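Student: Sharing a structure with you now.
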Amino acid sequence: MEVETNINWFPGHMAKTRRLIKSNLSLVDGVVEILDARVPMSSRNPDMDGLVGTKPRMFVLNKADMADVSATDKWLSFYRSKGYAAIKCNCKTGEGVKSFLPAVREQMLCELIKKRAEKGIEGTPLRLMIVGIPNVGKSSLINKMAKTKKAKVEDRPGVTRNKQWVKLGENVEMLDMPGVLWPKFEDQTVARKLVFTGAVKDDVIDIELLVSCLLEILRDSYPQKLTERYKIEFGDEEGYELLEMIGRKRGMLISGGEINTERAAITVMDEYRSGKLGRITLEFPEKTGGKP
């Protein structure tokens, strides 16, 4: 299904964040980028490589509890094969968070630590910058690591607005940056995936068109999950037809027997985001063209 509505979202505070990243980069030893494990490629800001330059990097695949396990393992192998440190976790529950500091020391900054040791430099804190798109879990990770609630956490994009330093213990400090998207979505498929996962506000596109696109992805990648959840048998129907089938199956009818597709779309989106459709990943490393 072709959706002609273009999604763009670049508030002024995000332009400020780009400037903050550039101006504070010299203060840190490495950069941690939080990704959404369901969309590891789409949740990577393509501008970040240029902003961060040659600083050591780590990718944290958050919300791994909602993603396809085998797909997440493929993504971890993919990033590590490119020379990056990479871990998976669920920042809300803390699952996997214990692997963060060991990965910083043993993978991401091992060369720096070795050089400092050779020079007899001890006690200097490791300083990290954490970046990522809105609502991807940066503040949740910081709060779990610091065992505090210094970073604002809300399940909506655009909450953290200013930079802040947080001590993570064990001689590690983290500079939290506000979530930042990029000025223009050249690829509307990427844009839609960010709306699916809540990184961009829902009101930027018609919900029925959006869910029709999601259903086409699920039809191709996870057909069994659609059948199991909605008790529908389908073939090569387009997204909007699938939406109508789900609405009819759930009895979402209005006067005259017409299907309430808006209500059906809201239901599908809520069930996808809450994990009721199961663990789903919407993109895979073998389809990236080898780009990290």
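Coordinate-derived values only; no laboratory data. For clarity, every value in this text was computed on a predicted model and none was experimentally measured. Note: ideal-geometry Cβ built from the backbone for every residue, glycine included; neighbour counts use all protein chains shown.
Student: Can you pick out the pairs among 22/82; 147/193; 63/276; 74/167 whose Cα atoms lie more than 21 Å from each other?
Tutor: Values: 22/82 24 Å; 147/193 31 Å; 63/276 14 Å; 74/167 32 Å.
The pairs that break the limit, which is 21 Å between Cα atoms, are 22/82; 147/193; 74/167.
Student: Using the Kirkwood radius built from alpha carbon pairs, what does the Stokes-Einstein equation give as D for segment 12-184 at 4 °C and 1.567 mPa s, in µm² per second?
Tutor: On the way: Rh = 16.2 Å.
Taking Rh from Cα pairs, D becomes 80 µm²/s.
Student: If I take all pairs of Cα atoms in segment 205-292, what percentage of them are more than 16 Å from each other? Intermediate values should be presented prior to the final figure.
Tutor: On the way: 2058 of 3828 pairs.
For segment 205-292, the share of Cα pairs beyond 16 Å comes to 54 percent.
Student: With the crude spin-label approximation of a point 7 Å out along Cα→Cβ, what separation in nm comes out for residue 201 versus residue 26?
Tutor: Label-label distance for residue 201 and residue 26, simple model: 3.7 nm.
Student: If you don't mind, there's one more thing I want to ask. What length, rounded to one decimal in nm, is gained on full extension from residue 19 through to residue 122, with 0.36 nm per residue of separation minus their alpha-carbon distance?
Tutor: Values: separation 103, 0.36 × 103 = 37.08 nm, distance 3.16 nm.
Contour length minus the Cα-Cα distance gives 33.9 nm.
Student: In nm, to one decimal, how far is the residue 92 label point from the residue 77 one, both placed 7 Å along Cα→Cβ?
Tutor: Simple spin-label model gives 2.9 nm for this pair.
Student: Then there's this: 7 Å from Cα along Cα→Cβ at both residue 69 and residue 107: what's the point-to-point distance in nm?
Tutor: 1.9 nm
Student: Under the 0.36 nm per residue contour assumption, what length would be gained going from the current alpha-carbon distance of residue 115 and residue 164 to full extension? Write down the numbers at each step before the final one.
Tutor: On the way: separation 49, 0.36 × 49 = 17.64 nm, distance 2.78 nm.
That pair, residue 115 and residue 164, stretches by 14.9 nm at full extension.
Student: While we're looking at this one, here's another question. For residue 228 and residue 241, compute 0.36 nm times the residue count separating them, minus their Cα-Cα distance, and round to one decimal in nm. Walk me through the intermediate numbers first.
Tutor: Details: separation 13, 0.36 × 13 = 4.68 nm, distance 1.76 nm.
Contour length minus the Cα-Cα distance gives 2.9 nm.
Student: Which far-off residues, 5 or more places away or on another chain, put their amide H under 5 Å from the one on residue 86, with H placed in the peptide plane?
Tutor: Result for residue 86 returns 59.
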